[in-house]
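Heads up, the thing below is written out as structure tokens.
The values are calculated or read from the model by the stated rules, or taken from the named source; none is laboratory data. Being a predicted model, the structure only gives us computed values, none of them experimental. As a convention, Cβ positions derive from the backbone with ideal geometry for all residues, glycine included, and neighbour counts pool all protein chains shown. Accessible surface areas use protein heavy atoms only, side chains included; no ligands, DNA or RNA. Shrake-Rupley method; radii C 1.70, N 1.55, O 1.52, S 1.80 Å.
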Amino acid sequence: MTITCRKANPTDVDALHELIQGYAAKGIMLPRSREALLRHIDSFFVAEEGGMLIGCGSLFRLGADLVEIRSLGMAEGYKGKGLGTMIVNALIEEARAMKTPKVMALTYAVDFFLKNGFKVVDKEIFPEKVWTDCVHCSKRHACDEIAVVRVLNESVPS
Ligand SMILES: CC(C)(COP(=O)(O)OP(=O)(O)OC[C@H]1O[C@@H](n2cnc3c(N)ncnc32)[C@H](O)[C@@H]1OP(=O)(O)O)[C@@H](O)C(=O)NCCC(=O)NCCS
């Protein structure tokens, strides 16, 4: 069956919630309520196969020149098939379309991001981040996630 990547719409909220909750329960992602997902649904891309949601990722604006990749996750059984890369590429194109040159993430999957053109940086260089999501995170005083960033070059398509 064909796998496609598209922008999310409100009918995806329940499946998105289930996928993200699964990772939130393992401490890999921050939980998102259905209400929050609906409010920010336009920032999500999803991968689907035969009408089933099998992956997601979103872009959150942290500043005029900086967006963050959030809630990036593939369903079990769909990892390692290039879907994460497909969604990151869609999010990078979205950042380009928004004329936002820097895309960051906080992650444990460092090699995945390195393979997608990101580099590891000191998370202290993103003070904007601390005042948005981190204040809601139980690990905020002992964050062990690694910050990665990709600076987009307008002349080179990803
Ligand atoms: C991390 C994740 C999104 C990657 O998506 P994916 O579809 O499995 O990744 P891809 O198939 O596009 O992999 C691209 C490359 O990254 C590497 N990679 C994939 N997942 C990785 C991980 N968790 N850690 C390190 N490297 C990883 C792969 O080995 C692959 O390398 P290759 O091309 O040399 O084989 C996915 O594994 C996932 O959902 N993980 C759990 C949730 C999570 O950690 N999300 C990240 C939060 S920021």
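Side notes on the structure shown:
- Summed over segment 87-125, residues that are assigned to a strand (DSSP E or B) and either over 27 Å from Ala8 (Cβ atoms) or more than 13 Å from the ligand (Cβ to nearest atom) (or both) total 4.
- Every condition in (1) near the ligand (Cβ under 7 Å from one of its atoms); (2) open to solvent by 40 Å² or more (accessible area, probe 1.4 Å); (3) part of a helix (DSSP H, G or I) holds for Gly80 except the one numbered (3).
- Test: Glu128 is open to solvent by 70 Å² or more (accessible area, probe 1.4 Å), in a helix (DSSP H, G or I) and either within 9 Å of the ligand (Cβ to nearest atom) or of a type outside the set (Lys, Arg) (or both): no
- Pairs where the first residue, in segment 35-53, is open to solvent by 40 Å² or more (accessible area, probe 1.4 Å) and the second is part of a helix (DSSP H, G or I), C-beta under 7 Å, 6+ apart: Leu38/Pro10; Leu38/Val13
Condition check ((1) in contact with a strand residue (DSSP E or B) (Cβ under 7 Å, 6 or more places away or on another chain); (2) away from the ligand (no atom under 15 Å from the Cβ)) across all residues:
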position	(1), (2)
Asp14	no, yes
Gly22	no, no
Val67	yes, no
Gly84	yes, no
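- Cβ separations smaller than 9 Å between residues 6+ apart or across chains give no pair from segment 124-144 residues that are of a type in the set (Phe, Trp, Tyr) to residues that are open to solvent by 60 Å² or more (accessible area, probe 1.4 Å).
- Scanning segment 89-143 for residues that are within 14 Å of Arg70 (Cβ to Cβ), at pLDDT 95 or above and acidic (Asp, Glu) turns up just one, Glu94.
- Single condition Gly63 does not satisfy, out of (1) farther than 22 Å from Pro31 by Cβ; (2) open to solvent by 40 Å² or more (accessible area, probe 1.4 Å): (2)
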